[in-house]
Structure formats: structure tokens, C-alpha cells
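Below is one structure, written out as C-alpha cells; the observations come after it.
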Amino acid sequence: MHYNVIFDVTQTGYRYWSSLLLALIFAAVPIAIISYKGITWWRVSGRNVKFLIFISAFGAVIGAFNFYHHYSNYLRLQSAMRESKCVITEGIVTRFHILPDNRNRVGESFMVNNVEFRYRDRSAQNGFNQVGLIKNGMQVRIFHFDEDDSVDKNITRLEIA
């Protein structure tokens, strides 16, 4: 049977650069405000400057941690795919259903050979997460990496017959 590759984590780039951008913005805000000559309110009290720097540093650290978490997950999935550590599940899609709306993110859930897959559109998952492609009765081949600390399976490659 011939399969068309719909998604392959080794062929896609990292998609969530916004978390790094957020960290850079938080880091740049105090520099921009303090160096701007027209703002005098920060000179009134050293507390204002310290508070601004604290909030900016906190935001930058959270943003950097978020980026590190997602980017390292992306590299782990690519590595698992390249090193053939992924499980391959092939068969007919059954028990397909739409997941309840969660913060305006639609999700899907389905089974292939008694293995459940689920994901939400626009989620931070680095694996396949595009809704609207999978339907009941489709013949698919799914490569997935099952991490010990996650309920969801990361779909590293999706092929549809």
C-alpha cells in the first residue's frame, strides 16, 4: 500500500520561536525604558527601577525556560525519529471524535489498532497536531514517541494511504 507523508518532525522546523521572542522582549524592556532620556519617573525612586528590573528578569527567565523546555522536546522527538526509537502503529482509524473545546483550541482523539492518539490544534506539542485531516476509516501509519512522563503520544510522522 502506498502512503503519503503528511507530517514528519525531521522535515519540519521548530515552530514555537515566540517563547524565545517573549524572553528577549522582557529582557529588553528595562534597558529601553532606563536608556530613554525622556522618562524621568524612574529616577524618582530606586524602588521603581528595582521593581522594573525584577519583573523583566522574572519574565525573561520564564520565557527562556519555556523556550528551553519546548525546544529540547523538539530535539528529543527528532532524535527519536532519526534513531528509530519510535513505535509504528499501522491500521484503520476508529473511534474518532472531537475533543471538548479547551480555551478555543479544538482537539481530536482516535484509535488505531487499540492505540489512542489525541492532540489539540495550536498546542505546544512538537509532534503532529493539525486538526481536520484524520477521519474514521482512514488507513494510516503513525510513528510515535511515547515519553514516560506524558499521557499523550507524540506523533513524529504521519502517513495516510
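Can you name the condition, by its number, that Y119 falls short on among (1) in contact with a Ser or Thr (Cβ under 6 Å, 6 or more places away or on another chain); (2) part of a strand (DSSP E or B); (3) within 22 Å of Y14 (Cβ to Cβ)?
(1)
Among the residues that make up region 68-83, is at least one of them in a strand (DSSP E or B) and closer than 24 Å to S18 by Cα? Give the steps one after another, and end with the answer.
First, the residues of region 68-83 that are in a strand (DSSP E or B): none.
So far as region 68-83 goes, no, none of its residues is in a strand (DSSP E or B) and closer than 24 Å to S18 by Cα.
Condition first: open to solvent by 90 Å² or more (accessible area, probe 1.4 Å) and either within 22 Å of N136 (Cβ to Cβ) or touching a strand residue (DSSP E or B) at 6+ places or on another chain (Cβ under 6 Å) (or both). Now tell me which residues in region 49-105 satisfy that.
I88, R95, I98, P100, D101, listed by residue number.
Which pairs turn up if I take residues in region 68-93 that are farther than 14 Å from I155 by Cβ and look for partners that are assigned to a strand (DSSP E or B) and open to solvent by less than 30 Å² (accessible area, probe 1.4 Å) with beta carbon separation below 8 Å, at least 6 apart in sequence or on another chain?
G91/V112; G91/V140; I92/V112; I92/V140
All but one of (1) surrounded by fewer than 14 Cβ atoms within 10 Å (Cβ to Cβ); (2) at pLDDT below 85; (3) part of a helix (DSSP H, G or I) hold for K37; state the number of the condition that does not hold.
(3)
The values are calculated or read from the model by the stated rules, or taken from the named source; none is laboratory data. Treat the numbers as computed from the prediction; the structure is a model and nothing was measured. Using ideal geometry, Cβ is built from the backbone for each residue, glycine included, and neighbour counts are taken over all protein chains shown. The area values use the complete protein model at the heavy-atom level, side chains included, leaving out ligands, DNA and RNA. Shrake-Rupley method; radii C 1.70, N 1.55, O 1.52, S 1.80 Å.
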